[in-house]
Amino acid sequence: MSTTRERILGRLRSVPSADVAAPAVDAWYASQEDDDASARVGKLTAALEASHAEVHHCASRDWSSVVLRIAEEKSLRTLLVGAGTPHGEALRRQNDSGNATKSDLQIVDYAASFETWRERLFENIDAGLSVAHSAIAETGSLILWTGPSEPRLLSLVPPVHFVLLDVDRIHATLYAAMQTERWSAGLPTNVLLVSGPSKTADIQQTLAYGAHGPRELVVILRHADGGAS
Amino acid sequence: MSQTVHFHSAKEFADRTRAAVGNPAHRRSFRGAMDFLQAKRAAQFPDPQAFENLRTLGEAIRRYSLAHLPDLLERLEARLTANGFHVHWAETAEDANAIALDIARRIEARHVIKGKSMVSEEVGFNHAMEAAGIEALESDMGEYIVQLAGETPSHIIMPAIHKTKQEIATLFAERIPGVDYTEDVDELIRIGRQVLRRKFLAADIGLSGVNFAVAETGTLCLVENEGNGRMCTTVPRIHIAITGIEKVVEKLEHVPPLYSLLTRSATGQAVTTYLNLISGPRRSGELDGPEEVHLILVDNGRSRAYADEQMRATLQCIRCGACMNHCPVYARIGGHAYGTTYPGPIGAIVSPHLLGLESTYPLAFASTLCGACGEVCPVRIPIPELLVRLRNEAQALPTANAPVRGRGAARRMLPSAVWRGWAFVYGHLKTYRLVSWLLSRGRALSPANQGAWTASRTPLVPAPKRLRDLLKEHSR
């Protein structure tokens, strides 16, 4: 097996190496227009909506009631959250606090290995709630860093996907996100960019949503100083 | 169930072409799809200068990556291994399948679920699995449809581009138990989703391709819209990624420009729904993701193309399919006529390296050399120049260590003799004068049947007076 490796590398090395300059990625991005923070919020919102996502703006303190209201409007029965996460706990408290119109929504923790409850995850979970690590204005992309509190399938299997995003986490471009957050210094096992609900145009170029992942993507943009809803 | 023939010899290329051109429904499907994709791409690049600047960058990244290919592959392997991946090297298609089969046998796998991977098509992965009694099921909607029909993809990005929704409706009703005929696209997709969700859960192995492999971080990047790629790389116990050795880039920062060029050139999208960056199997504490991740690095003729400075440009390809979407020949004959895994202009320049010129040389001639493919290529592969080069290779004298396998495959005695004669006549002034005089005087003897030329044109007849004779008269 290693001989195959040596043979392939040997053939590649037998070629005189060409002197090619390193690509000037930094210079190219520096030449692009730079947006201020509010322009980035606007671009992100427009791009997400163009990709068939719902975007809701709210004040940071109000996010849980916004999520619960949307969940009720969509008649969701189960909402999956990362186990032991602050946002999961906050949402559960808000849900249990029960105003007059007590919702039927059940907040479910993603608390065990996927293998132990795969059927339920695939069949009986209506929605998942993620917290975006950051986002990209240019393309309307949400960046998810997966891990124990943000499992990979939380954002893929349930038909409706909620994502919480703080507006101060929006970068201009993917390149800016990588550089600012120093991705090359270390990444989780799985980083995901999500730019809309799952879709396909494989049948006669007709766009259809909910191909294999979520049919709906609901983005809750949290403004620290209380943006409009 | 799946197509077992992965390559049709070029001998029948002309027949398949004739059949495709003579099928009006097929012509309409492709014309419609090409117009759609061209318009969507054009809308993504409204400013020609901005496009040129970005593709200069894309080309620079690809050329830089290739210039350092052996080093980058070694770095990639080291980083991936440190991240917990298993890295395998495959010299041929058979090697690649044998590696995958070893993994499958070790865990007694019965079912493999596949995300989109052209390299798996290239090596005939499905066939190899089925021969070993293992089901290999495509999960990309287009690939699933094509596999259900027992066909192969006709386009690298839109595999079922040749099928109408009526054909797909019939196919689903016939092949999927309990499904009624419906032409509703949302409903058809919902049916596919239902069937395939069960398959993701049943699969022992998920197979995927790779769009970019990043050496510095040991990261595999997968680009998709449907989410089936994420399913394949997350749900089954084992994930096997298969890719060509040319897909490696040095740094993470090299990905954003290529990703942007890829999605905009391929389907005219500013971005795809998902970009999936995988830097390791499930770690302790994580609740999902595969226990093992394998990467199979496939050579299959690539290192040979690499050795030739001009041919190396074929390895710059990021598999967007823009060249086929803009090719007047592809638009008319469709993907299947080519008979190769990769159709269209890129197929014509890549396939000879994978399969040899013996069986693939007609593809290089199936071009008007209009240059559209070269103009839209997001990494500036000089496709028309490479087509001409391959035409020359196909007709050159065969040599032992030719840069392309099967050099001289198109060489024929009579045309070679004619051209040698032509070269002699044009290289010797007196002979030239004599021959041209004889031809102009003997023009009445010109044959009416001049082979392929007269099949659709009037015969060539020398002028009654040579140019030099006319000039002589004129100067008198």
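The table below lists the values:
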| item | result |
| --- | --- |
| Selection within the range A:202-229 - free of Cβ contacts under 8 Å to residues at least 12 places away in the same chain and surrounded by fewer than 22 Cβ atoms within 10 Å (Cβ to Cβ) | A:Gln204, A:Gln205, A:Thr206, A:Leu207 |
| Subset of the range B:337-369 that is in a helix (DSSP H, G or I) and aromatic (Phe, Trp, Tyr) - its residue that is nearest to B:Met324 (Cα to Cα) | B:Tyr338 |
| Pick from the range A:129-179, criterion under 10 Å from the mean Cα position of the chain (by Cα) and among the polar types (S, T, N, Q), ranking: surrounded by the most Cβ atoms within 10 Å (Cβ to Cβ) | A:Ser141 |
| Residue selected from the range B:437-463 under the condition part of a loop (DSSP other than H, G, I, E, B) and polar (S, T, N, Q), by the criterion nearest to B:Tyr426 (Cα to Cα) | B:Ser446 |
| Per-region count, the range B:75-91, residues within 26 Å of the chain's Cα centre (by Cα) and of a type in the set (D, E, K, R) | 2 |
| Residue match in the range B:274-282 (condition: aromatic (Phe, Trp, Tyr) and closer than 21 Å to B:Val255 by Cβ) | yes |
| 1 or more residues touching a Leu at 6+ places or on another chain (Cβ under 9 Å) and of a type in the set (Lys, Arg): qualifying helices (runs of 4 or more DSSP H) within the range B:76-178 | B:165-175 |
| Answer from B:Glu94, B:Glu108 - the residue that is charged (D, E, K, R) and either within 20 Å of the chain's Cα centre (by Cα) or at the interface with chain A (Cβ under 10 Å from one of its Cβ atoms) (or both) | B:Glu94 |
| Tabulated pairs, the range B:419-440, first closer than 14 Å to B:Pro464 by Cα, second modelled with pLDDT of 95 or more and surrounded by 12 or more Cβ atoms within 10 Å (Cβ to Cβ), C-beta under 8 angstrom, 6+ apart or interchain | B:Val435/B:Val425 |
| Selected residue [surrounded by fewer than 18 Cβ atoms within 10 Å (Cβ to Cβ), in contact (Cβ under 8 Å) with a residue 12 or more places away in the chain and within 18 Å of B:Leu295 (Cα to Cα)] from B:Thr92, B:Thr56 | B:Thr92 |
| When residues of the range A:154-178 are limited to those that are at the interface with another protein chain (Cβ under 10 Å from one of its Cβ atoms) and touching a residue at least 60 places away in the same chain (Cβ under 8 Å), the one nearest to A:Leu68 (Cα to Cα) | A:Leu154 |
| Check on B:Ala136, among the hydrophobic types (A, V, I, L, M, F, W, C), assigned by TED's automatic domain parsing to the domain that holds B:Glu250 and either buried (at least 24 other Cβ atoms within 10 Å of the Cβ) or at pLDDT below 95 (or both) | yes |
| Residues satisfying the stated conditions in the range B:189-228, i.e. without any contact (Cβ under 8 Å) to a residue 40 or more places away in the chain and within 28 Å of the chain's Cα centre (by Cα) | B:Arg193 |
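The rows are residues; the columns are (1) out of contact with any Ser or Thr (no Cβ under 7 Å at 6 or more places or on another chain); (2) of a type in the set (D, E, K, R); (3) modelled with pLDDT of 95 or more.
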| site | (1), (2), (3) |
| --- | --- |
| A:Glu6 | yes, yes, yes |
| A:Asp26 | yes, yes, yes |
| A:Asp36 | yes, yes, no |
| A:Ala39 | yes, no, yes |
| A:Ala47 | no, no, yes |
| A:Ala53 | yes, no, yes |
| A:Ile70 | yes, no, yes |
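The values are calculated or read from the model by the stated rules, or taken from the named source; none is laboratory data. Just so we're clear, the structure is a prediction, and the values are computed from it rather than from any experiment. Cβ atoms come from the backbone with ideal geometry, glycine included; neighbour counts cover every protein chain shown.
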